[in-house]
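The values are calculated or read from the model by the stated rules, or taken from the named source; none is laboratory data. Everything quoted here is computed from the prediction, not taken from an experiment. Please note: Cβ atoms are built from the backbone with ideal geometry, for glycine as well, and neighbour counts cover all protein chains shown.
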2 protein chains.
Amino acid sequence: MGFSRSVFRELQKISGNPYVTKEKEERLCYSYDATGISYLPDVVVFPGSETEVSKILQLASKEKLIVVPRGTGSGMTGGSVPVKGGLVMVTTRMNKIIGVDEDNFIIRVQPGVIVSDIHKAVEEKGLFYPPDPSSASVCTIGGNIGECAGGPRAVKYGVTRDYVLGLRAVLPSGQVIQTGVSTAKGVAGYDLTRLIVGSEGTLAVVTEITLKLLPKPATVKTMAVLFDSMIKAASTVSGIMKNAIIPRCVEYLDEECLHLIRDHLSFDMPDNIKALLIIELDGDLDTVEKDAHRISDFCFSCDALDVILAKNTTEAQALWEARKALSPVLYKIAANKINEDIVVPINKIPDMVEVTQRIQRTSGLKVVSFGHAGDGNIHCNIMYDKSDKNELERATKAVEELFNATLRLGGTITGEHGVGITKRRFLPIEIGETQIELMRGIKRVFDPLNILNPGKIFE
Amino acid sequence: MGFSRSVFRELQKISGNPYVTKEKEERLCYSYDATGISYLPDVVVFPGSETEVSKILQLASKEKLIVVPRGTGSGMTGGSVPVKGGLVMVTTRMNKIIGVDEDNFIIRVQPGVIVSDIHKAVEEKGLFYPPDPSSASVCTIGGNIGECAGGPRAVKYGVTRDYVLGLRAVLPSGQVIQTGVSTAKGVAGYDLTRLIVGSEGTLAVVTEITLKLLPKPATVKTMAVLFDSMIKAASTVSGIMKNAIIPRCVEYLDEECLHLIRDHLSFDMPDNIKALLIIELDGDLDTVEKDAHRISDFCFSCDALDVILAKNTTEAQALWEARKALSPVLYKIAANKINEDIVVPINKIPDMVEVTQRIQRTSGLKVVSFGHAGDGNIHCNIMYDKSDKNELERATKAVEELFNATLRLGGTITGEHGVGITKRRFLPIEIGETQIELMRGIKRVFDPLNILNPGKIFE
């Protein structure tokens, strides 16, 4: 096991000299993801085709080399970090949109396509691909498949899993499979498509993806709703859904977030504002306008301070840019953050707000919350300084408290970021050893040599 | 191996004497499904709880007894037929609706609940469970999970898989697992929930199901569109979808079907009618009315003979009852039918109409087509007399031709009925041996003794 000179030459033969590197500065670039956790790979390869992916995996099987597939590394749980070294396989060269089939509402893409490029390509043709993780402008669709990415629009439209009709993928042995269908329905055998979605690159390397599309909604309306209490905002969320309206997004920002993004907003914030909801509706113009009125009335009945309708796309975009700026801007509070994408039933969001406030008090660390309240998916950010041992300990304890409370409320420890390495030790608490044993068994079926992205999710 | 007197007594101890039987007349009742294929089980047990299911499977593991789970046996591919004998486990006693959670839009049910009882229970509360297989009034939700049932509304709302958030299930060892979540999102480990959905009772026995619900649509509008040509009707279907309207149903009935259900219809059929589309829209009243007009105009532009809007629920219901009566009424044409639920891309439906007409000519057998044209899922019924060896041969050849043509058109051999035993030998043609090997491996992980519903899907 290891990267001998001859293995390196084999890789060069497969992908071409410019696309194989063992230079340290380049390996460093592919050693980490958005968690900041870094492990140095031995080699980085940029395959240009499915055939190359297959040959590399054949070689890896023969030589028992570890292979870690990745896109642009925007993951939140270390899923693409080479914790045991080995070969990092970067899919960004495989970035072709193979075709948009307008008659049948599907798009076929390679894994390295940037998600927002999919949005552009289909919206040009009057079509719509709903999943929109906040990182859409930088993340690859292959990564979205690996982690089953979500985003704000999941409230109405669901997550990546709900749009993947079929896959081409290379097994660790180098064998190529084609799963699923190109049609709306299909139940031929076990659902390997959705088994690979969310498997964090541990079962196969995806080389082609067939996605379902929808017609592009005629109208989109965005509104900001201001509250003087986090609990009031949280209670409003479940009320909106009960009114038989499903907005496409219901985002929640707590007081701390609002301080951070104040300058990005196109409206003045009253001093007593403690929470903000961003609500977005889409569909037929008349329906959207009627629903916007109903939601506005309902929010006022829940004691909202104000409801501000974006007058045009520019105002709506400003609101979203402020929201999407949040994740990086948090570092103004502390050098490090632990971002946990817990989910609770929507009527438990007020309880979760109380939990985070309690954790903030007991840990002495700032806990900043924002996220996709419409589906109960809150991003709780525990802010701390990693180099301060005491803060690190308190942060670790805070995460445990957060997860335990989440599970007590009937929720899950991960809505859309996956398990990766950062949640590995908590997985047994949520799903139990029997399920993990089944998952280990499935991993062995796909990857008997344990060469594909080992050390993730479990073990 | 076998059902000794002591094993029988053990079963009686677990479920109680009235719920365990080896009487031939009772075993006969549980020997077949809607295909009519019959294999006699050795014993029939009706467990009343998850604990009983677990104990029975523990006993089965110890004694290496075959267990075949089933609901009401309305399956279309022999999935619940005990091809190797053994114990048939009927889940119909486990028919409790555990609870509807209106705040969080979920329902929890036991596997034996009849699907239309779920519809009733949630619609009473202003909620909506979209999947509606034609057998909804008799089939169980457990069976729907097993086969990943669809139905007419899948065009807009997707299939069973899209509504299953989580499961409780008993492994062949008797161990109980709880998969998935009770929340809208969740990605904690491999997606065992969707692996079990559509696995045809070969991986685990489902004992509790958490389903996602939607708000009930405010308005439903049903229309019948008449054509003098099957090809014209088929071409219209893909045109409707391209107009950025997604009806909740687009059903297709060919000429032969129309003859059969003539008496059930609430309107007079002109003599030259050769095909009928049933189109149903739902949503906000204004939008639905506007879309109904747009669809009507579009259908006329596609040379429809007439567009008839159902004036009220009774008229709409009459149309649906006629449609749902089709499957049984086909036996007026011939003693036996092979009902294949193939799917093709929607713009290939006209080609598929030509294929079925050709097969009808070359086989000399009636091929009757109807189904969910909106998602390309056509039920092709090859009508024949099983006792006539020559007809049987021609029917078998017709199925082969149909499947080959379906795959050539980019489709799948099963949209919602599953593989069971009737499509087993065709599965390798669609998905290939490498994928089947993975599925066999997964089966071994869940069921190393191969005691749970063996002989289905593959092998």
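Could you say whether any residue in segment B:371-386 is free of Cβ contacts under 8 Å to residues at least 60 places away in the same chain and either of a type in the set (D, E) or over 24 Å from B:L253 (Cα atoms) (or both)? Yes, some residue in segment B:371-386 is free of Cβ contacts under 8 Å to residues at least 60 places away in the same chain and either of a type in the set (D, E) or over 24 Å from B:L253 (Cα atoms) (or both). Answer yes or no as to whether B:L258 is more than 20 Å from B:G150 (Cβ to Cβ) and among the hydrophobic types (A, V, I, L, M, F, W, C). Criteria met by B:L258. Could you grab me the full set of residues in segment B:411-447 that are part of a loop (DSSP other than H, G, I, E, B) and within 7 Å of chain A (Cβ to nearest Cβ)? Matches in segment B:411-447: B:G411, B:I413, B:T414, B:G415, B:E416, B:G418, B:V419. Checking each residue in segment A:355-370 for being touching a Ser or Thr at 6+ places or on another chain (Cβ under 9 Å) and over 22 Å from A:I261 (Cβ atoms) picks out only A:V355. For segment A:212-250, the tally of residues that are within 14 Å of another protein chain (Cβ to nearest Cβ) and of a type in the set (D, E, K, R) stands at 4. In segment B:385-394 there is no residue matching the filter, namely being closer than 17 Å to B:A34 by Cα and crowded, with 20+ Cβ neighbours inside 10 Å. For segment A:104-111, check the following and say yes or no: at least one residue is among the aromatic types (F, W, Y) and within 21 Å of B:P345 (Cα to Cα). Yes, segment A:104-111 contains a residue that is among the aromatic types (F, W, Y) and within 21 Å of B:P345 (Cα to Cα). Taken over segment A:70-94, the criterion of being under 13 Å from A:T202 (Cβ atoms) and of a type in the set (D, E, K, R) is satisfied by A:R70, A:K84.
Output the residues belonging to segment A:449-459 that are in contact (Cβ under 8 Å) with a residue 40 or more places away in the chain and at the interface with another protein chain (Cβ under 10 Å from one of its Cβ atoms). Working first, answer last.
Start the filter on segment A:449-459 by keeping residues that are in contact (Cβ under 8 Å) with a residue 40 or more places away in the chain, which leaves A:449, A:451-457.
Correct list: A:I457 only.
Within segment B:398-456, the residues that satisfy the criterion of being crowded, with 21+ Cβ neighbours inside 10 Å and basic (K, R) are B:K423, B:K443, B:K456. Residues in segment A:95-121 that are more than 14 Å from chain B (Cβ to nearest Cβ) and charged (D, E, K, R) were compared, and the one that is farthest from A:E200 (Cα to Cα) is A:K120. The set of residues in segment A:160-174 being more than 28 Å from A:N450 (Cβ to Cβ) and either modelled with pLDDT under 95 or of a type in the set (A, V, I, L, M) (or both) consists of A:L165 alone.
Among the residues of segment B:315-326, is any in contact (Cβ under 8 Å) with a residue 24 or more places away in the chain and among the polar types (S, T, N, Q)? Checked segment B:315-326: no residue is in contact (Cβ under 8 Å) with a residue 24 or more places away in the chain and among the polar types (S, T, N, Q).
Looking across segment B:171-192 at every residue that is among the small types (G, A, S) and touching a Ser or Thr at 6+ places or on another chain (Cβ under 6 Å), the one that is farthest from the other protein chains (Cβ to nearest Cβ) is identified as B:G174. With respect to the conditions (1) at pLDDT below 95; (2) within 14 Å of A:L226 (Cα to Cα); (3) outside any helix (DSSP H, G or I), A:I278 lacks only one, and its number is (1). When segment A:216-255 is filtered for residues that are surrounded by fewer than 20 Cβ atoms within 10 Å (Cβ to Cβ), more than 18 Å from A:N377 (Cβ to Cβ), modelled with pLDDT of 90 or more and not basic (K, R), the ones remaining, listed by number, are A:P217, A:A218, A:T219, A:V220, A:D228, A:S229, A:I231, A:E255.
Name the strands (runs of 3 or more DSSP E) wholly inside segment A:79-159 in which the number of residues that are β-branched (V, I, T) and surrounded by fewer than 18 Cβ atoms within 10 Å (Cβ to Cβ) is 1 or more. Spell out how you get there, then give the answer.
Details: elements: A:87-90, A:97-101, A:106-109.
Correct list: A:97-101.
Right, B:L285: within 30 Å of A:L281 (Cα to Cα), exposed (fewer than 15 other Cβ atoms within 10 Å of the Cβ) and not polar (S, T, N, Q) or not? It is true that B:L285 is within 30 Å of A:L281 (Cα to Cα), exposed (fewer than 15 other Cβ atoms within 10 Å of the Cβ) and not polar (S, T, N, Q).
State whether one or more residues within segment B:282-290 are assigned to a loop (DSSP other than H, G, I, E, B), hydrophobic (A, V, I, L, M, F, W, C) and either in contact with an Asp or Glu (Cβ under 7 Å, 6 or more places away or on another chain) or closer than 30 Å to B:E400 by Cβ (or both). Explain how you work it out, then say what you get.
Looking only at segment B:282-290, we keep the residues that are assigned to a loop (DSSP other than H, G, I, E, B), and these are B:284.
The next check asks that each one be hydrophobic (A, V, I, L, M, F, W, C); those that pass are none.
Checking segment B:282-290: not a single residue is assigned to a loop (DSSP other than H, G, I, E, B), hydrophobic (A, V, I, L, M, F, W, C) and either in contact with an Asp or Glu (Cβ under 7 Å, 6 or more places away or on another chain) or closer than 30 Å to B:E400 by Cβ (or both).
If you scan segment A:103-146, which residues turn out to be of a type in the set (D, E) and modelled with pLDDT under 95?
Here is the first cut: in segment A:103-146, the residues of a type in the set (D, E) are A:103, A:117, A:123-124, A:132.
Scanning segment A:103-146 gives a single hit, A:D103.
Could you check segment A:351-364 and list, in sequence order, the residues that are surrounded by fewer than 20 Cβ atoms within 10 Å (Cβ to Cβ) and farther than 23 Å from B:G180 by Cα?
In the first step, residues of segment A:351-364 are kept if they are surrounded by fewer than 20 Cβ atoms within 10 Å (Cβ to Cβ); the result is A:351, A:354, A:357-358, A:360-362, A:364.
A:E354, A:Q357, A:R358, A:Q360, A:R361, A:T362, A:G364 - these are the residues of segment A:351-364 that are surrounded by fewer than 20 Cβ atoms within 10 Å (Cβ to Cβ) and farther than 23 Å from B:G180 by Cα.
The single condition from (1) outside the structural domain of B:I346 (by TED's automatic domain parsing); (2) part of a helix (DSSP H, G or I); (3) over 21 Å from the mean Cα position of the chain (by Cα) that B:N450 fails is (2).
Scan segment A:41-59 for residues that are more than 16 Å from A:R27 (Cα to Cα) and surrounded by 22 or more Cβ atoms within 10 Å (Cβ to Cβ) and report the count. Selection size over segment A:41-59: 4.
Quick grid of which residues meet (1) touching a residue at least 12 places away in the same chain (Cβ under 8 Å); (2) part of a loop (DSSP other than H, G, I, E, B); (3) more than 24 Å from B:M76 (Cβ to Cβ):
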position	(1), (2), (3)
B:R9	no, no, yes
B:A34	yes, yes, no
B:E52	yes, no, yes
B:I56	yes, no, yes
B:L59	yes, no, yes
B:L65	yes, yes, yes
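Checked against (1) more than 7 Å from chain A (Cβ to nearest Cβ); (2) surrounded by fewer than 24 Cβ atoms within 10 Å (Cβ to Cβ); (3) among the charged types (D, E, K, R), B:D162 meets all criteria but (1).
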